[in-house]
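Novice: Before we start, here is the structure in question, set down as structure tokens.
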Amino acid sequence: MKAARLRAVRDWEFVDVDQPVPGAGQMRVRLEQVAVCGSDLPEFLGVHPGFPKAAGGTGHEAIGRVDSCPSGSYAEGERVLLWGFDRVHGLFQEAVLTHDQGLLRLPSDEVPERVLLTQLLGTVIRPFRKLGNVINQRAVILGQGPAGLLFTAVLRNLGARDIVAVEPLDWRREFASRMGATHTIDPAAVDPVEAVGEITGGAMADLVVEAVGGAETYAAAAGLCRRGGTVIGFGVPDKQVSGGVLDLPLLEMQRREINLVMTLNAGDQPYDDYANALAWIEEGRLDLSGLVSHVLPFAEIQRAFELAADRPAPERPAKIVLSFEAP
């Protein structure tokens, strides 16, 4: 079967690998769609040294159809959301092994890229389980990529008062307004601290979401937050250095008693977060139209990553999805 492998910086190739055979407690899932995530880009851009990378790359947001389940826990052809898979080889390949218990079953008649967003939405919902009520709170979201846009929409659903999207790309700011932002800020044009101060009457934000993973945005988050407020660290901080070591204004954060809530994904047992996200999608709580901007064949993985990394304005890329041909 075919798998994609990074052979050099910004250079994908396809290799032939053996189709995995499920053992005890495993089943094989044939991939239907896999999304490009912002956390996939550091390897593509060469932040993490060492090439070629493992076949399958860092792909981790995917749905597929059960191809072989010796235990009978799932029927062949059932659509499932992938997690708990063989992480030695990521999901940029045609089939993968996963455990045969507890995966989230997905509706077979839904548009695939719509339910594919269950994974990302579940990770966005997760940190709110750690927080108290956000009704009538003032929120700032740094970054309006796909995750930032979903944070904007979730905060609207949860009743936040002011939802301020900070984003340098104009089409993303437009999208943020559609997703529920009450205000948008271009950080290249105005000082976000001054702008948020004006919006909030000097109170600043109760909640700041870092959805970029950059050193500058992590450092800026504290300055946007009120005393005793909360910063959610969602962006994976390996965009410039592979170890993700960043300078933070910890003394300022300590003096102002800012809470730092770190979150990465939906955890080792993410069923509840993903199931909740799927329910939100099926209930139409979020307007997801246009969030998936490109659905490309798996053979075009090189173009998909170039779109995600370079973000050409005429293309207006948001979430980019790779689709596998039916066997």
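The values are calculated or read from the model by the stated rules, or taken from the named source; none is laboratory data. Here the structure is a predicted model, which means the values were calculated and not measured. Cβ placement follows ideal geometry from the backbone for every residue including glycine, while neighbour counts extend to all protein chains displayed. The accessibility values were calculated without ligands, DNA or RNA, using every heavy atom of the protein model including side chains. Shrake-Rupley method; radii C 1.70, N 1.55, O 1.52, S 1.80 Å.
Novice: Among Val140, Val134, which is the only one that is in contact with a Cys (Cβ under 9 Å, 6 or more places away or on another chain) and either crowded, with 24+ Cβ neighbours inside 10 Å or not in a strand (DSSP E or B) (or both)?
Specialist: From the options Val140, Val134, the qualifying one is Val140.
Novice: I would also like to ask the following. Check whether at least one residue in the range 275-282 is in contact with a helix residue (DSSP H, G or I) (Cβ under 8 Å, 6 or more places away or on another chain) and within 13 Å of Cys37 (Cα to Cα), and report yes or no.
Specialist: No, the range 275-282 contains no residue that is in contact with a helix residue (DSSP H, G or I) (Cβ under 8 Å, 6 or more places away or on another chain) and within 13 Å of Cys37 (Cα to Cα).
Novice: Does the range 167-180 contain at least one residue that is within 22 Å of Gly132 (Cβ to Cβ) and either in contact with a Ser or Thr (Cβ under 9 Å, 6 or more places away or on another chain) or surrounded by 18 or more Cβ atoms within 10 Å (Cβ to Cβ) (or both)?
Specialist: yes
Novice: Here is a further query. Does Pro70 satisfy the criteria of being touching a Pro at 6+ places or on another chain (Cβ under 7 Å), open to solvent by less than 50 Å² (accessible area, probe 1.4 Å) and either in a loop (DSSP other than H, G, I, E, B) or farther than 27 Å from Ala147 by Cα (or both)?
Specialist: Answer is no for this residue.
Novice: Arg10 - would you say it is open to solvent by less than 40 Å² (accessible area, probe 1.4 Å) and basic (Lys, Arg)?
Specialist: In short, no.
Novice: Can you report the number of residues in the range 214-261 which are crowded, with 16+ Cβ neighbours inside 10 Å and aliphatic (A, V, I, L, M)?
Specialist: 13
Novice: Still on this model: With the requirement that a residue be out of contact with any strand residue (DSSP E or B) (no Cβ under 8 Å at 6 or more places or on another chain), of a type outside the set (S, T, N, Q) and in contact (Cβ under 8 Å) with a residue 60 or more places away in the chain, what does the range 215-243 give you?
Specialist: Hits for the range 215-243 are Val236, Asp238, Lys239, Val241.
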